[in-house]
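The values are calculated or read from the model by the stated rules, or taken from the named source; none is laboratory data. A quick note: this is a predicted structure, and the numbers were derived from the prediction, not measured. In this analysis, Cβ positions are derived from the backbone assuming ideal geometry, glycine residues included, and neighbour counts consider all displayed protein chains.
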Amino acid sequence: MKTSVKERLFSLDALRGFDMFWIVGGDVLFRSLGKVTDWQWADWWSNQLHHVEWAGFHAYDLIFPLFMFIAGAAIPYALTGKLEKGVPKSALHRKVVKRAVILVIFGLIYNGLLNFNFGELRVASVLGQIGIAYLIAGMIVLHTQNFRQRLFWLIGILLGIAAVQHLIPVPGHGAGVLTPEGSINSYIDRMILPGTLYGGTFDPEALLSIVSGAGITLMGALAGA
């Protein structure tokens with residue numbers, strides 16, 4: 001009897017492992033090394049393993065976007081590959097929606113949903129952003145025919161986000177103000193999201209961030225293709 005062997009993209013597995021190393025505690029290891037040694041490189045790298053408060057970025061700020069890129073890079077294997085093998089598109093729709101719903105629910109549970117204190121509940125979450133961004137990117141891939149169409153979608157998302165952030169005025173601040181209080185991202189989060197926001201006046205995993213996250217996930221899908 002012949003058994004089918006699933007082929008793995010080892011470069012993607014390696015990149016996923018690299019990213020997970022930092023997520024599960026690699027940052028703590030190197031921050032501790034920077035504290036207990038006089039090595040200049042260790043001290044420099046330790047500083048890179050903290051999130052910046054707002055403007056700019058450290059290496060640590062790239063870990064989550066890289067994770068979303070990796071999730072997108074798996075889309076050609078998880079979705080389009082199966083579509084080419086005759087799996088009905090409706091079945092793949094259900095798969096993507098189910099994954100998004102599960103991740104949103106897990107994110108809410110992690111943020112304290114089961115405490116039933118809805119006034120203090122943070123609705124946005126890392127898991128929720130991953131799930132919804134994957135849903136958006138997955139649907140774009142399933143409903144486009146080729147690389148060019150997906151690239152147009154990506155360009156549209158990036159230009160659309162840029163236009164919203166720079167051209168739509170926020171009451172009391174104006175347009176193009178990229179501060180925690182004055183950005184259109186923060187304003188939309190405060191107006192729409194119930195409960196609490198991670199940053200008080202903004203949430204890094206909220207609504208417009210999900211759309212830009214979908215763009216990063218779609219970048220991964222193009223790379224995976």
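Here are some notes:
- Single residue of Gly200, Gly156, Gly172 found to be under 24 Å from Ser125 (Cβ atoms) and not acidic (Asp, Glu): Gly200
- Across region 35-60, the number of residues qualifying as within 23 Å of the chain's Cα centre (by Cα) and either among the β-branched types (Val, Ile, Thr) or not in a helix (DSSP H, G or I) (or both) comes to 10.
- Pairs linking a residue in region 181-209 that is assigned by TED's automatic domain parsing to the domain that holds Phe118 to a residue that is of a type in the set (Gly, Ala, Ser) and part of a helix (DSSP H, G or I), with Cβ atoms under 7 Å and 6 or more positions apart or on different chains, are Asn185/Ser209; Thr201/Ser186; Phe202/Ser186; Glu205/Gly128.
Listed here are the residues, each with its yes/no results for (1) over 17 Å from Ile130 (Cα atoms); (2) not hydroxyl-bearing (Ser, Thr, Tyr).
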site: Gly72; (1), (2): no, yes
site: Thr80; (1), (2): yes, no
site: Glu84; (1), (2): yes, yes
site: Val87; (1), (2): yes, yes
site: Tyr110; (1), (2): no, no
site: Phe118; (1), (2): yes, yes
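Listed here are the residues, each with its yes/no results for (1) part of a helix (DSSP H, G or I); (2) surrounded by 15 or more Cβ atoms within 10 Å (Cβ to Cβ).
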position: Ala162; (1), (2): yes, no
position: His166; (1), (2): yes, no
position: Leu178; (1), (2): no, no
position: Gly182; (1), (2): no, yes
position: Ile210; (1), (2): yes, yes
position: Leu218; (1), (2): yes, yes
position: Leu222; (1), (2): yes, yes
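- Considering residues of region 79-94 that are without any contact (Cβ under 8 Å) to a residue 12 or more places away in the chain and assigned to a helix (DSSP H, G or I) only, the residue nearest to Gly224 (Cα to Cα): Gly81
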